[in-house]
1. Checking F66 against (1) under 29 Å from the mean Cα position of the chain (by Cα); (2) part of a strand (DSSP E or B): exactly one of these is not met. Which one?
2. Name the single residue that is surrounded by the fewest Cβ atoms within 10 Å (Cβ to Cβ) among those in the stretch 521-564 being under 27 Å from M437 (Cα atoms) and among the charged types (D, E, K, R).
3. Are there any strands (runs of 3 or more DSSP E) wholly within the stretch 515-615 with 3 or more residues that are touching a residue at least 24 places away in the same chain (Cβ under 8 Å), and if so which?
4. Does at least one position in the stretch 115-124 carry a residue that is farther than 21 Å from F332 by Cβ, within 28 Å of the chain's Cα centre (by Cα) and open to solvent by less than 10 Å² (accessible area, probe 1.4 Å)?
5. For residues that are open to solvent by 10 Å² or more (accessible area, probe 1.4 Å) and over 26 Å from T562 (Cα atoms), scanning just the stretch 482-499, find the one that is nearest to the chain's Cα centre (by Cα).
6. Quick one: is T220 β-branched (V, I, T), touching a residue at least 12 places away in the same chain (Cβ under 8 Å) and assigned to a strand (DSSP E or B)?
7. I'd like to know if the stretch 139-159 contains one or more residues that are at pLDDT 95 or above, open to solvent by 10 Å² or more (accessible area, probe 1.4 Å), hydrophobic (A, V, I, L, M, F, W, C) and within 26 Å of the chain's Cα centre (by Cα).
8. Looking only at the stretch 77-84, decide whether some residue is assigned to a helix (DSSP H, G or I), in contact with a Pro (Cβ under 6 Å, 6 or more places away or on another chain) and not small (G, A, S).
Amino acid sequence: MPTHQTINQQRRSLLRYSSAASLFGLSTLPTLSQATSNPVKHDPWKHAEQIIAQFTKPIKFAKRDFLITQFGAKTCELQNINGQVASDTEGAIEGVIPTPQTGSADCYQAINQAIIACNKAGGGRVVIPAGNWYCAGPIRLRSNVHLHLAANAHVFFSANPADYAKYGDVDCGKNGKLVISRWQGNDCLNYSPMIYAYNEKNIAITGEDWSSIFDGQGGTPFEDGSGNWWDWKGRKNPKKPIQFSEVNVNANNPENLDQLAPNLSEDAKKLVQGIGDKWRTDSRFLPVLSELGIPTSRRIFGIGHYLRPSMIELIGCHNVLLQGYKIQAAPFWLHHPVKCRKVHINKVNMDSMGPNSDGFDPESCDTVLIENCTFNTGDDCIAIKSGKNRDTQFGPTRNIVVQHCVMNSGHGAVTLGSEMAAGIEYIYAQHLDFRNMNWDHDPLNTAIRMKTNMNRGGFLRHFYVRDVSIPNGVKTMPAFYKPLPNSLIAPQSVPSTAGAVITIDCDYAPADDSVRIRPPVISEIHVSDIKVGTVNIGGGNYSSYQAFVLLGPVASSYNGKTKQAILPIQNVSISNCDFGTVRNDKAPWFLHHVQNLQLRNITINGKSYSETIST
């Protein structure tokens, strides 16, 4: 067991927390009430205006500056080395990248001492001046502190995982000093994110302009010469294996579940573990711990494990401003606010082409405004989340507005899920430019994306989208859903991974989750005024493969012992949209288990549709 340093009561509560509603005879938490008040009864966009209005008054900080040079920080010289400029599970693109010279002065202590001094003085601004700065450890934000990057300030976070297991709140022995984190919807003790805050209020990270850069060095070789952060994702190509990754069986994880849950029945073991030993990989072992109700204090990762940290993670914070900087080459997700309230991200350039390089992923947050940002990401541009498996204690994500943003590369432009076990509601997206500038070599897979499955469960309701331009379409060649072997849906028939402008995928990657007992509930999705252009690609002018895919919950994917209602996707409207020219003209859309889909004045391949459909 780890030795705890002095940490606040909320941390103690979370460390003791045992996942809610465990299957296996452990204590449960009350289920989330479905009966929430409905603020959109008459005009949903009035509610969006009310959310935006909460950000009209800026956060006030004391007018005092703390320059990191006053605390001993020194700039560094750079060298060019060979590294990865982009990476995914299929392979990597090599290139020459800048990195601090060996032996560069470390600014970790200076930056964090400036933040502590600023916080103790009652707040103010910590300034990182122009220049290149090497930081061998995480920046820890404190209440009432505004961290500001001057123009031409470039912070390089060290390419050394051990530096993010030195300074955490919880001493986990050989695994390092770790922090409470949430990794793909599950709570754990892990490497610290590059910038981290826990239970703080009135905090800001800003840059003068997009020459103000936070650099995670995700594709830079580790300082000991072994791999890089992006390699920890693993590879599908057996000809280019990676020895250490989140998808390799990790000998540091137990060989069986007896020591974790000695009273577990054989049937329960089979359900949790699934087939084979993949449950012992880090990316699947953490969800197993959640299913078993293991408290966060015993979900220890860090050194000896391969769960990459987010670049910026803020947990339990209130009044947050993120504005005006560029963030690049993140090891994992770029921004990850969890259980935060009143978060404003504005004019941020997110440019990271690594695996899982989601741009902005608010999770179990309330009242968030995302505006005037640009995304060029290796995964979803925006992915709105709310926990996975049994980790639902932070509640749903609600009251988010996305507006005036530009999306280029990415899996989905605006995505809800897939980790949404606690629910998502009252999300508004408007006045967006899904520009897809890299359509010829790295296109958007889909524009508006909702994804869940029988493991994630949760509810998704009251999602409103309007006024979206997609001048270069989305990916015109399909990437198909892979149904489980007992499914009635034919393989290679549903382009839910890529190829549709609008995707509602209620059986997302079902083989990745052995426990599939929580049918999702999807309703009240309303999309209007989308204009999709065409590009000359693959032998013709096309906008997408299909206009929309609505894959409702697939009953055969459920593997619970008790019967549960498996409801269709309900009450979806698509209005006043021109989907351009789809490649699959014989089947311009796909529907499964859908009730009350209303098409009003939509155009596909020059043909107009206005009808109501249920399947």
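The values are calculated or read from the model by the stated rules, or taken from the named source; none is laboratory data. Being a predicted model, the structure only gives us computed values, none of them experimental. Quick reminder, even Gly has a Cβ in these numbers, built from the backbone with ideal geometry, and neighbours come from all protein chains shown. Ligands, DNA and RNA are excluded from the accessible area calculation, which covers all protein heavy atoms including side chains. Shrake-Rupley method; radii C 1.70, N 1.55, O 1.52, S 1.80 Å.
1. (1)
2. D529
3. Result: 521-532, 540-542, 546-551, 569-575, 589-592, 594-604.
4. yes
5. So the residue we want is T497.
6. no
7. Looking for residues that are at pLDDT 95 or above, open to solvent by 10 Å² or more (accessible area, probe 1.4 Å), hydrophobic (A, V, I, L, M, F, W, C) and within 26 Å of the chain's Cα centre (by Cα), one finds none in the stretch 139-159, hence no.
8. Checked against the condition, which is being assigned to a helix (DSSP H, G or I), in contact with a Pro (Cβ under 6 Å, 6 or more places away or on another chain) and not small (G, A, S), the stretch 77-84 yields no hits at all.
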